[in-house]
Amino acid sequence: MVKKEKFWKTVKEKIIHKSYGGKFFHNKVLNPQKQKSTYSYYYINRGASVIPVDKKGNIYFLKEYRYPTRSWECEPIGGGISKGETPIMAARKELLEEAGIIAKKLTLLGKTKVMPGNLDTLTTGFLATNLQFATPNREVGEVQKLIKMPIKKAIEQALTGKIKNAELVTYILRAAKKLKKI
């Protein structure tokens, strides 16, 4: 059943591709001016992201090779929330899996949407503190590097655009505010 909408009206909802991570929609719609149109977007399963900060004030994030951009991208540590998992459970799992980090404390940083005109996605962010380090257990196909950076440098890179990932920028700044670094 299609949701009732105030400005846009979905005439026919069509999923043209389904994968582990989400669904690609190509819908027939009536836009706010009542004109017939098509609207395509990607629904991504809900996720959890983590910004670990150690006792010395270093933050950790990933540089991951991403096929769509054919480049190394800075990203928060994180991933999808599996069925039956809470955001905090997913955050702990991804933190250990991708970075080999165990956090005694996770603090909620809030939720973030990225590109809502093209993506239906929502991540829950956490600040991780009181860290212990172990060996990562990455999934097949994940090509990642763990980056360690002083939080003041990360804030500067977030504000000047050197770090371009909107989700990472958001969670760096929220973590810095929680830690009273800005």
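What does the C-alpha gyration tensor say about the overall shape of segment 47-178? Classify as rounded when a/c is under 1.5, otherwise prolate if a/b is larger than b/c, or oblate. Rounded, since a/c falls under 1.5.
What the phi angles of segment 113-126 give under the Karplus curve with 6.51, -1.76 and 1.60, with θ = phi - 60°, is a coupling list of 10, 10, 6, x, x, 10, 10, 9, 9, 8, 10, 9, x, 9 Hz, glycine and proline written as x.
Counting chymotrypsin sites (Phe, Trp or Tyr not before Pro) as exposed when in a DSSP loop with at most 15 other beta carbons within 10 Å, what is the longest stretch of the chain free of them? Write down the numbers at each step before the final one.
Values: sites that count: Phe7, Trp8, Tyr20.
The reported range is 21-182.
Please work out whether segment 27-70 counts as rounded, prolate or oblate from its C-alpha gyration tensor, where a ≥ b ≥ c are the square roots of the eigenvalues and a/c under 1.5 means rounded, while otherwise a/b larger than b/c means prolate and anything else oblate? Cα axes put segment 27-70 in the prolate bin. By the count of other C-beta atoms within 10 Å, a proxy for reagent exposure, Met115, Met149 are ordered fewest to most as Met115, Met149.
Considering only DSSP states other than H, G, I, E and B, which GluC sites (Glu not before Pro) in segment 1-94 qualify as loop sites with at most 12 other Cβ atoms within 10 Å?
On the way: sites: Glu5, Glu13, Glu64, Glu73, Glu85, Glu94; in loops: Glu5, Glu13, Glu85.
Filter output for segment 1-94: Glu5.
Kindly identify segment 108-161 as rounded, prolate or oblate by the Cα gyration tensor criterion: order the square roots of the eigenvalues as a ≥ b ≥ c, call it rounded if a/c is under 1.5, otherwise compare a/b with b/c, prolate if a/b is larger, else oblate.
Values: a/c = 1.60, a/b = 1.19, b/c = 1.34.
In terms of gyration-tensor shape, oblate.
In summary, the aspartates and glutamates within cross-link reach of Lys178, defined as a Cα separation below 17 angstrom excluding same-chain residues under 8 places away, comprise Asp54, Glu156, Glu167.
For Leu159 and Ser19, the FRET efficiency from 1/(1 + (r/R0)^6), where r spans their Cβ atoms and R0 equals 35 Å, is about 0.50. Could you give the length gained by full extension between Ala134 and Lys152, i.e. 0.36 nm per residue of separation minus their alpha carbon distance, to one decimal place? Net length gain for the segment: 4.0 nm. Past the 21 Å Cα-Cα mark, which pairs from Lys18/Lys145; Lys28/Lys83; Lys83/Lys104; Lys23/Lys83; Lys93/Lys145; Lys148/Lys180? Pairs exceeding 21 Å: Lys18/Lys145; Lys28/Lys83; Lys83/Lys104.
On full extension, the segment bounded by Lys12 and Lys111 gains 32.7 nm, given 0.36 nm per residue less the C-alpha separation.
Taken together, the values in this text are just the output of simple stated rules run on the coordinates, not laboratory data. Just so it is clear, the model here is predicted, and its values are computed rather than measured. Cβ atoms come from the backbone with ideal geometry, glycine included; neighbour counts cover every protein chain shown.
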